[in-house]
Amino acid sequence: MYTVHPRVDIGIEYNPKAEQASPLANVRLLDETRSRPAVMVGTSSDRIGTPEGQSFYATVSKDLSRDLGVPVGPYVGIAYGTFEDRARLIGGANISFGRGFSSLLIFDGVHFHPTVSFHRGRHGASVLLVRSKDVGVSYNIRFYRRDRKLVPPARFELATAN
């Protein structure tokens with residue numbers, strides 16, 4: 001993903017198993033505050049494991065670290081997928097373990113996909129269980145301008161699932 005504005009990320013997602021490239025976009029409509037969740041809309045490929053399609057979604061998320069004393073950020077939303085031509089409720093949570101390790105628990109409205117990730121510097125790698133059974137991997141690298149001030153990071157991701 002490439003951050004074109006602090007609230008807007010765009011990119012291209014490639015799924016080698018489906019041999020499909022899809023546009024990615026995230027727009028943060030509202031920033032999270034102590035009393036209000038963040039609100040985002042976006043688009044990506046349809047649900048993990050579908051052979052084709054595009055998904056359009058809106059989510060609300062909230063970092064509950066201060067309230068719970070645990071580094072967790074749940075999210076909930078609605079997504080419309082073109083593969084099944086229907087909307088569905090989605091949700092999940094991001095959990096930080098520190099030292100670059102985290103887990104994203106994803107419910108896409110049909111299946112559950114837990115992930116474990118490690119990020120260090122510009123690099124990140126994730127292992128996911130597609131539909132909680134098939135192993136997949138993702139790698140990303142962030143690209144910065146030399147001054148690191150005007151253009152936030154860009155990211156390229158390649159994900160595979162068996």
In Hz, Karplus ³J(HN,Hα) per residue of the range 112-124 (6.51, -1.76, 1.60; θ = phi - 60°; x = Gly, Pro): 9, 10, x, 10, 10, 10, 9, 10, 9, x, 7, 10, x
3J(HN,Hα) from dihedral phi, the range 128-135, Karplus parametrisation 6.51/-1.76/1.60, rounded to Hz, x for glycine, proline: 10, 10, 5, 6, 6, 9, 8, 7
Burial ordering of 17, 133, fewest other beta-carbon atoms within 10 Å first: 133, 17
Pairwise FRET efficiency - residue 76 versus residue 54, Cβ, R0 = 25 Å, nearest 0.05: 0.75
Burial ordering of 72, 4, fewest other beta-carbon atoms within 10 Å first: 4, 72
Separation in nanometres of the label points that stand 7 Å from Cα toward Cβ, at residue 95 and residue 21: 3.7 nm
Stokes-Einstein D in µm²/s, Kirkwood radius over Cα pairs - the chain at 37 °C with 0.692 mPa s viscosity: 198 µm²/s
Segment residue 138-residue 86, extension gain: residue separation times 0.36 nm, minus the distance between their alpha carbons: 16.0 nm
Candidates 47, 28, 88, ranked by Gaussian network fluctuation over the chain, Cα under 10 Å, top entry: 88
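All of the numbers you see were taken from the coordinates with simple rules; none came from a lab. Predicted, not measured: the structure shown is a model, and the values here were computed from it. Don't worry about glycine lacking a Cβ; one is built from the backbone with ideal geometry, like all the others, and counts go over all protein chains shown.
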